[in-house]
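Here the structure comes first, spelled out in structure tokens, and everything after it is commentary.
Derivation of every value follows stated rules applied to the coordinates shown; laboratory data play no part. Note that the coordinates shown come from a computational prediction; the quantities given were computed from them, not determined experimentally. Heads up, the Cβs are rebuilt from the backbone with ideal geometry, glycines too, and the neighbour counts pull from every protein chain shown.
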Amino acid sequence: MKYLVMVQGTQADYEAMQGKASEHSPAWTQEEVQAMYAFMSALNDDLAETGEMVDGQGLAEPAKTRHVTLGEDGKAVITDGPYSETKELLAGFWVLDCASLERVTEIADRILRCPQPAGAPVYPVVIRPIDDGSGDV
């Protein structure tokens, strides 16, 4: 079964990784950023080696996103991010092909252990089965 595994973050989190502290998160050092990237790289390598990795990507900061909705007049309304009404946004994801929900949950537990500075926010890892279209809606 394929699963979408998601991690969340905020604009403040991206800024903290660039060395800008806020009340939300302490500033990250270059060493802490490199440790996070090394952890994620090792995780991705392990998942590729087991054949479970289908895809995985980190996403650009919310300030570089665009929100497109339909206005009352039927025309597109385009807003550049970040969005004050949104607390957390998708920061990165993996598409994994795992034998069971238990296995993908083990991987999510490993993701939670990614190194970060003391006091940085910890977000849940979200697991969503990918519907293959063969079942009922």
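Write down, largest first, the equivalent ellipsoid semi-axes of the chain in whole Å, where each equals the square root of 5 times an eigenvalue of the alpha-carbon gyration tensor.
On the way: eigenvalues 141, 126, 27 Å².
Output for the chain: semi-axes of 27, 25, 12 Å.
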Q: With r as the distance between the Cβ atoms of residue 80 and residue 131 and R0 = 25 Å, compute the FRET efficiency 1/(1 + (r/R0)^6) and round to 0.05.
A: 0.20
Q) Taking amide H positions as placed 1.01 Å from N in the peptide plane, with prolines and chain starts having none, which residues 5 or more places from residue 22, or on another chain, fall under 5 Å of its amide H? A) 27
Q | Those GluC sites (Glu not before Pro) in segment 23-93 that DSSP places in a loop and that have at most 15 other beta carbons within 10 Å | A | 23, 72, 85, 88
Q. What residue among 99, 19, 42 has its Cα farthest toward the positive end of the dipole of the chain, where the charges are +1 on Lys, Arg and -1 on Asp, Glu, each on the Cβ?
A. 19
Q. If you place +1 on the Cβ of every Lys and Arg, -1 on the Cβ of every Asp and Glu, and leave all else neutral, what size is the dipole of the chain about its Cα centre, to the nearest 20 Debye?
A. 260 debye
Q. Residue 31 versus residue 8, label points 7 Å from Cα toward the beta carbon: distance in nm?
A. 3.2 nm
